[in-house]
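Asks: One structure follows; several queries about it will come next.
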Amino acid sequence: MNSSPRRRPHLLLPLFTCSALLVSACGKDDSKPTGPVDVTVMTRNVYLGANIFLLSQAKTRQEVPSVAAQLYATVQATNFPERAGALAAEIEAKKPALVGLQEVSLYRTQHPSDFFSNGAVNALVDSYDFLGLLQAKLRERGLDYRVAARVKNGDAELPAALSGNPSDLTDIRLTDYDVILARGDVQTSEAVEQNYVHNAQVAVGGSTVTFTRGFTKVDAEVDGAKFTFVNSHLEGLMPANEEQAHELVGILEGFRQPLILVGDLNTGPGSSTPAYGIFSEAGYTDAWTVAGSGSGFTCCVGEKLLDTNTSGFDERIDLMFYAGDGLQPVSAEVVGDELGDRTPSGLWPSDHAGTVVTFRINR
């Protein structure tokens, strides 16, 4: 009487085996999820730490070390190691699939200076590695974001009188990057890292310095939804803003759609720079006009990041344009624009705020 229950598992084994086969060999289920996917992306100018265009105040070579020292002192005071924590907190809160970063700076030094003897760009001692610092803060929060694309833009070096002694100079080297960060579960391929042909020329110390800009691009796939993601930092000066916008529009024609273009584009609705109109006329839609509410202002607080109010945010230049079928923005917001977003010492995370948009993308 007790033997029957013991035999039951053996009798049922073929049934369990057949059940397993029903979802494998007996009847394969190769169906994949269908329908749209919501994908959140972010653009963030992290701020190089000082107003680099103040270098134009140096009218002679002899004036450069003093101005360069002032700028580097501001870079130190704006404390990217601390600000990186606030930027990482924004990314943790929104968990974007992709992040377009601009002004991702690498500062290096060399002492004593050899600038006036050979003018070489050769300082190698790291002082501030913005990308490394931000990634470290992301890892501290348990976040997995990798570099999917990075373009080197300007790479310049100048002597600075850091000690106040004009005969004791240190070379300060700034290398500027635009970077795309991808969340760990996001597939990316076909990266493009390219500089613009047209760039601004700025007078510094009696000579001319070129401010090189560029863009990064990846093909991305999130939960089966495929799209192109492009990140750029356009020049704010004319005619370079117009020239770079035309150049980028021509390049974008070679990329597959749907396509999302993000970045500090140094232009906006009603702006004196024409890039906004150039993108609009080329068929790109400003996501904020579809999914955002309010002004959406993203720029800019003061150079030292110590503003005690938000009045500095009075224009919208950190933008997301999009084009292509099967792509629709469903929400848009600004981050890093409230007093509570500042660091414990009272610094804004950047002189810009960031823009975050969620797109609904067909698979």
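Asks: Hey, among ALA136, ALA148, ALA156, which residue is within 15 Å of TYR72 (Cα to Cα), small (Gly, Ala, Ser) and touching a residue at least 24 places away in the same chain (Cβ under 8 Å)?
Replies: Testing whether each residue is within 15 Å of TYR72 (Cα to Cα), small (Gly, Ala, Ser) and touching a residue at least 24 places away in the same chain (Cβ under 8 Å) leaves just ALA156.
Asks: Have a look at ASP341, ASP318 and point out the one that is over 22 Å from ALA275 (Cα atoms), assigned by TED's automatic domain parsing to the domain that holds GLU92, modelled with pLDDT of 95 or more and not hydroxyl-bearing (Ser, Thr, Tyr).
Replies: On inspection, the qualifying residue turns out to be ASP341.
Asks: Which residues, taken from segment 190-218, are surrounded by fewer than 17 Cβ atoms within 10 Å (Cβ to Cβ), out of contact with any helix residue (DSSP H, G or I) (no Cβ under 9 Å at 6 or more places or on another chain) and either of a type in the set (A, V, I, L, M, F, W, C) or within 20 Å of THR40 (Cβ to Cβ) (or both)?
Replies: Once the filter is applied, which keeps residues that are surrounded by fewer than 17 Cβ atoms within 10 Å (Cβ to Cβ), out of contact with any helix residue (DSSP H, G or I) (no Cβ under 9 Å at 6 or more places or on another chain) and either of a type in the set (A, V, I, L, M, F, W, C) or within 20 Å of THR40 (Cβ to Cβ) (or both), segment 190-218 yields only ALA191.
Asks: So which of VAL186, VAL197, VAL202, VAL209 ends up being out of contact with any strand residue (DSSP E or B) (no Cβ under 8 Å at 6 or more places or on another chain), of a type in the set (Val, Ile, Thr) and more than 15 Å from VAL262 (Cα to Cα)?
Replies: VAL197 is the lone residue from the list that is out of contact with any strand residue (DSSP E or B) (no Cβ under 8 Å at 6 or more places or on another chain), of a type in the set (Val, Ile, Thr) and more than 15 Å from VAL262 (Cα to Cα).
Asks: Taking segment 59-85 only, how many residues are over 19 Å from GLN135 (Cβ atoms), of a type in the set (Gly, Ala, Ser) and out of contact with any strand residue (DSSP E or B) (no Cβ under 8 Å at 6 or more places or on another chain)?
Replies: 3
Asks: State which residue pairs qualify: first residue assigned by TED's automatic domain parsing to the domain that holds ILE180 and in contact (Cβ under 8 Å) with a residue 12 or more places away in the chain and inside segment 231-245, second residue in a helix (DSSP H, G or I) and among the aliphatic types (A, V, I, L, M) in any location, beta carbons under 6 Å apart, and separation of 6 or more residues or different chains.
Replies: Between residues of segment 231-245 that are assigned by TED's automatic domain parsing to the domain that holds ILE180 and in contact (Cβ under 8 Å) with a residue 12 or more places away in the chain and residues that are in a helix (DSSP H, G or I) and among the aliphatic types (A, V, I, L, M), the close pairs are LEU234/ALA275; ASN241/ALA275; ALA245/ALA275; ALA245/ILE278.
Asks: Something else about it: Are any residues in segment 150-195 under 20 Å from LEU134 (Cβ atoms) and hydrophobic (A, V, I, L, M, F, W, C), and if so, which ones?
Replies: Selection gives VAL151, LEU174, VAL179, ILE180, LEU181, ALA182, VAL186, ALA191.
The values are calculated or read from the model by the stated rules, or taken from the named source; none is laboratory data. Worth saying up front: this structure is predicted, and the values here are computed from it rather than measured. Here Cβ is always computed from backbone atoms with ideal geometry, including for glycine, and neighbour counts include all displayed protein chains.
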